[in-house]
Amino acid sequence: MQSNSPIIVEGATVVFGDRLELASVRIEAGRIAEIDGARDGADVIDGRGCMLAPAFVDVHGDAFERQLMPRPGTMLPVAPALLETDRQLAANGIATAFHALTLSWEPGLRSVENGRAVVDGLDILAPRLTVDNRVQLRWETFCFEAIDLIRDALSGPRRPSVAFNDHTSMLLLDPSISLQERPFDLDPNFPALDPASPVFADKMAERAKRAKLPVPDMIALARAMWERRPQVLAAINEVATLGQAVGAPMLSHDDSQIETREFYRDRGARICEFPMNRRVARAARAAGDFIVFGAPNATRGGSHLASIGAADMIREGLCDILASDYYYPAMLLGLARLKADGVGPLQDLWPLVSGNPARASGLHDRGVIEVGSRADLILVEWPEGEVPAIRRTWVAGREAYRAVAAGG
């Protein structure tokens, strides 16, 4: 049974906003009640040799898909997949997670039907989950069938974010043009590949496997969606209006042109998620937008798509947030790599995974260690020169995860 007694973590090096410092932190009624106060009957946790830091806020993570579909085309029930995902989040120090739930015209894993099952599943399981599970409605702009689900989710108890995502245009892009430099997706002269070409058939093979459709059927479906292109602008405006009405955080995904970023900013999307080139990132910075890159990018030392590196963007002041993307452990491992590479001191890097994503998401009660803030905290074992490991995670003062080492 969860203890309701106040607790004090003593002896840990605490990650404050401007420094690392040995301090004691008192947790009471789900909040940080005091720094360096008296014990006053609290349960004491020995944090010596560890680091106490704000828990992670993840604005974009799609690793949950591996629990839903562990092998291509093999779907498992939603409820156990979400319960397993929740355990992974807690073990990796992620106290607030926006699951990047792709709402696409593709059948299967990224279908609207599956998206609704995930949204409903999170509502049903909420009392049993250990962390704050939310969704990022990663909406494929050609998928008009998702708008009713978006409307319903935005009226739910855990406000989601909305990400405008156009992988349809990326799919049809002429291969002579790089994804990083593709024109604005709604450009009337967009250089589209002929859907009847063998090159397009090759591109669709993997998607067809994921959707469990014959390749010709997948091609026919993609062609039908492309014919919707004249109606996409109106659909985008409708979804943007829905998001603005409830104050949902909104993002645009994989922007490759300044025009793209301006288009979505004008519709209330003030988060630039995974800009594809420096030009766009600099325009986003000049406009005061939040800029997101992937924590796996930072962990690996570069993008798996041969795009710009997160470490370089941080050095240049063009990255505010690191998201887990496809790998939950990267939130901590990315910080470790950045620290080891001398990108910045830990107290300057930590806001990338806590305070900044919390602010961008409108969650101003978390992401920092300050009196009065929500007690979303992690205790990290981090021997000098070795891989860090999370030993405890607290969510609103409640212990969500504990790991005791064999030698402990």
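Each reported figure results from applying straightforward, stated rules to the coordinates on display, with no laboratory input. Everything numeric here is computed off the predicted structure, so don't read it as measured data. Positions of Cβ are backbone-derived with ideal geometry, glycine not excepted, and every protein chain shown enters the neighbour counts.
Tabulated results
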{"quantity": "Fewest-first ranking of M313, M250, using other Cβ atoms within 10 Å as the exposure measure", "calculated": "M313, M250"}
{"quantity": "Length gained when the stretch S5-L20 is fully extended (0.36 nm per residue, less Cα-Cα span)", "calculated": "2.7 nm"}
{"quantity": "Theoretical FRET efficiency, 1/(1+(r/R0)^6), r = Cβ-Cβ of D40 and I124, R0 41 Å, to 0.05", "calculated": "0.55"}
{"quantity": "Estimated 222 nm signal from helices in the chain, with DSSP H stretches of n ≥ 4 weighted -39500 (n - 2.57), rounded to 500", "calculated": "-9500 deg cm²/dmol"}
{"quantity": "Neighbour net charge for Q231 - beta-carbon separation under 15 angstrom, K R +1, D E -1", "calculated": "-4"}
{"quantity": "Sorted by Cβ density within 10 Å, fewest first, the residues F200, F164", "calculated": "F200, F164"}
{"quantity": "Gain in span if fully extended, N277 to N237, counting 0.36 nm per residue against the direct Cα distance", "calculated": "11.9 nm"}
{"quantity": "Stretch gain in nm, segment R66-Q347, where the contour uses 0.36 nm per residue and the Cα spacing is subtracted", "calculated": "97.9 nm"}
{"quantity": "Anchor K212: aspartates and glutamates whose Cα lies under 17 Å away (excluding residues fewer than 8 positions away in-chain)", "calculated": "E65, E106, E113, D202"}
{"quantity": "Total charge dipole magnitude, the chain, about the Cα centre, Cβ charges on Lys, Arg, Asp, Glu only, Debye to nearest 20", "calculated": "320 debye"}
{"quantity": "Residues W139, W226, W382, sorted so that the one with the fewest Cβ neighbours within 10 Å comes first", "calculated": "W226, W382, W139"}
{"quantity": "Spacing of the two label points (7 Å from each Cα toward its C-beta) at D187 and S155, in nm", "calculated": "4.0 nm"}
